Amino acid sequence: AQSVTQLGSHVSVSEGALVLLRCNYSSSVPPYLFWYVQYPNQGLQLLLKYTSAATLVKGINGFEAEFKKSETSFHLTKPSAHMSDAAEYFCAVARMEYGNKLVFGAGTILRVKS
Amino acid sequence: NAGVTQTPKFQVLKTGQSMTLQCAQDMNHEYMSWYRQDPGMGLRLIHYSVGAGITDQGEVPNGYNVSRSTTEDFPLRLLSAAPSQTSVYFCASRVGTALNTEAFFGQGTRLTVV
């Protein structure tokens, strides 16, 4: 069954530094993968999604993610962190049950230091 | 651009009380769902609906009921609140059930049961 694992519940980076948030998936079929961001006291917002068209996916706010089948990974990166990037990030995979529901990872809280 | 609207934003209930969390979307989406978010556990699916008049249970349905009389509305009812239902609840909608469709989330309802 499809699922995702996010490595690191908290990540701290300095402003201007590279952001790397890790997500590994398990799936017996080509997966549909998503990254969402949740700002404090708000709902989740889609950052980007992988649907097999291209392995490098660009999203909003300068984020991108690379699908690596050999590593079963879909890590999220941003070259230079901004203070406004501080939020919780969720990786998700579409799963063929419950009406093709989304299965979410436990989330990674990103802290950006000035 | 209302998207998905949830009310109320905050609620405190006493054990045993009942209440309804409201959710409405104006995007004519077929698929609607309710999740609960608990620290370190990501989002877990409570109930979902693939269209008006059709509802089904998700992963954690006990203690909750839903109905879908119209495409737009998908209320979640807590039958007899328990402290274990203290959580943040999110309503989400998707245009359909295809695996590559992303979910749009409401702003959430923070529920405390005392």
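The values are calculated or read from the model by the stated rules, or taken from the named source; none is laboratory data. Please read these numbers as outputs of a predicted model, since none were measured by experiment. Methodologically, a virtual Cβ is constructed for each residue, glycine included, from the backbone with ideal geometry; neighbour enumeration extends over all protein chains shown. Each accessible area value is taken on the protein alone, full model and side chains, heavy atoms only, with ligands, DNA and RNA left out. Shrake-Rupley method; radii C 1.70, N 1.55, O 1.52, S 1.80 Å.
Here are the numbers for the structure shown:
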item	result
Amide H contacts of A:Arg111 (H built 1.01 Å from N, under 5 Å, at least 5 apart or other chain)	A:Val11, A:Ser12, A:Val13
Summed buried accessible surface, chains B and A, 1.4 Å probe, nearest 100 Å²	2000
Hz values of 3J(HN,Hα) by residue in the stretch A:67-77 - Karplus curve (6.51, -1.76, 1.60), Gly and Pro given as x	7, 10, 5, 5, 9, 6, 10, 8, 6, 9, 9
GNM top mover of B:Asn62, B:Asn28, B:Asn100 - chain B, alpha-carbon springs below 10 Å	B:Asn100
Of A:Phe74, A:Phe63, A:Phe90, the one that fluctuates the most in a GNM where chain A has Cα springs shorter than 10 Å	A:Phe63
Partner chain coverage, peptide B:103-110 - average Cβ within 10 angstrom	4
Placed amide H near B:Gln17: partners under 5 Å, 5+ positions off or other chain	B:Ala81
Subset of A:Lys101/B:Lys14; A:Lys78/B:Lys9; A:Lys58/A:Lys113; A:Lys49/A:Lys101; A:Lys49/A:Lys78 violating a 26 Å alpha-carbon distance limit	A:Lys101/B:Lys14; A:Lys78/B:Lys9
Max mean-square fluctuation residue, GNM over chain B, Cα-Cα springs under 10 Å, options B:Ser84, B:Ser67, B:Ser49	B:Ser84
Value of relative contact order over chain B, rounded to a whole percent, pairs C-alpha under 8 Å and six or more apart	36
Table column - 3J(HN,Hα) (Hz), the stretch B:53-60, Karplus curve with 6.51, -1.76, 1.60, x for Gly and Pro	x, 10, 9, 7, 7, x, 6, 10
Electrostatic dipole magnitude of the protein assembly as shown [Cβ: Lys, Arg +1; Asp, Glu -1; Cα centre; debye, to 20]	320
Residues with amide H under 5 Å from that of A:Val19, placed H, sequence gap 5 or more	A:Lys78, A:Ser80, A:Ala81
Accessible area of A:His82 in the full protein assembly, 1.4 Å probe (Å², nearest 10)	90
³J(HN,Hα), Karplus 6.51/-1.76/1.60, whole Hz, each residue of the stretch A:6-12, x for Gly, Pro	9, 8, x, 7, 9, 10, 10
Kirkwood hydrodynamic radius over Cα pairs of the stretch B:1-105, then Stokes diffusion coefficient at 25 °C and 0.890 mPa s, in µm²/s	176
Whole-angstrom gap from the stretch A:97-113 to the stretch B:73-109, using each part's C-alpha centre	14
Charge sum, other residues only, whose C-beta stays under 14 Å from A:Ser73's C-beta, Lys/Arg counted +1 and Asp/Glu -1	0
Ordering of A:51-59, B:17-25 by burial proxy (mean other Cβ atoms within 10 Å per residue, highest first)	B:17-25, A:51-59
Distance from the stretch B:14-46 to the stretch A:8-72 (C-alpha centre basis), Å	24
